[in-house]
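The values are calculated or read from the model by the stated rules, or taken from the named source; none is laboratory data. Note that the structure is a prediction, hence the values are computed from the model and not measured. Positions of Cβ are backbone-derived with ideal geometry, glycine not excepted, and every protein chain shown enters the neighbour counts.
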Amino acid sequence: MENIENLSEEDGASAHDDSPSKNKKVNKKQKAKKKRFPEWLAWGLIVLAVSFALTVLFSFLTEVSIKDSPAAVCVMVLLVLLILNISCDVLANAIISCKPECFHAMASNKIKGAKRAVTFCRNASRLGSIFADVIGDICGIVSGAAGTALVVHVAMGGRVGELIASILISAIIGALTVGGKAIFKHFAIKFNKQIVFGFARFTTFFKREK
């Protein structure tokens, strides 16, 4: 009987000792899996795929709209891309500079869009990267195609050479883009709460808050 009791105690002790070791092994395996595919790499691949898809879409729409079109259409496409670029930069600056605590009271009162605004602020770095870097850079790239089409129209007029027209149009596009971002950055930071809440409420028309 004593031997049986000793064996049972040893088995219980060994089982008790194995449980922490098993937990450690499981934690090590989980950490190893995370190290094999880090989060920053996953996010980078997602941005890569989204950037490729949006570039294809924007380029296709731009080429279709400006192909064999008058100069006025090229100017309109450039203005749309310019406004979209600046607007996304304003939204990115507003989200990054805004804190989620600004919307906690509104979310507790179940105001529409408040919870979504909190989510935006908590994911500010990723959303800022999407709006400012992905969409902004794509607009800058695609606007080059529209600018090239406008250069052809101007050069065909015979008043200005193709080289001079290319330099002037590129300079105007760059100045309006950079200058517009610099001007509206002040308003994006000053009215960040209103901008983030307005955008969050706008998104609720497409997807309801949980």
Inset, instruction - Within the stretch 182-205, track down each residue that is basic (Lys, Arg) and in contact (Cβ under 8 Å) with a residue 60 or more places away in the chain. - result: Lys185, Lys193, Arg201
Legend entry - Filtered residue count, the stretch 94-120, keeping only those that are surrounded by 18 or more Cβ atoms within 10 Å (Cβ to Cβ) and either closer than 30 Å to Gly174 by Cα or acidic (Asp, Glu) (or both): 6
Inset, instruction - Examine the stretch 86-93 for a residue that is more than 30 Å from Gly174 (Cβ to Cβ), at pLDDT 90 or above and acidic (Asp, Glu), and state whether such a residue exists. - result: no
Inset, instruction - Starting from residues that are under 21 Å from Asn93 (Cβ atoms) and among the polar types (S, T, N, Q), keep the ones in the stretch 186-206 and report whichever is surrounded by the fewest Cβ atoms within 10 Å (Cβ to Cβ). - result: Gln194
Inset, instruction - May I ask you to say which residue of Ile138, Ile183, Ile169 is under 26 Å from the mean Cα position of the chain (by Cα), of a type in the set (Val, Ile, Thr) and surrounded by 15 or more Cβ atoms within 10 Å (Cβ to Cβ)? - result: Ile138
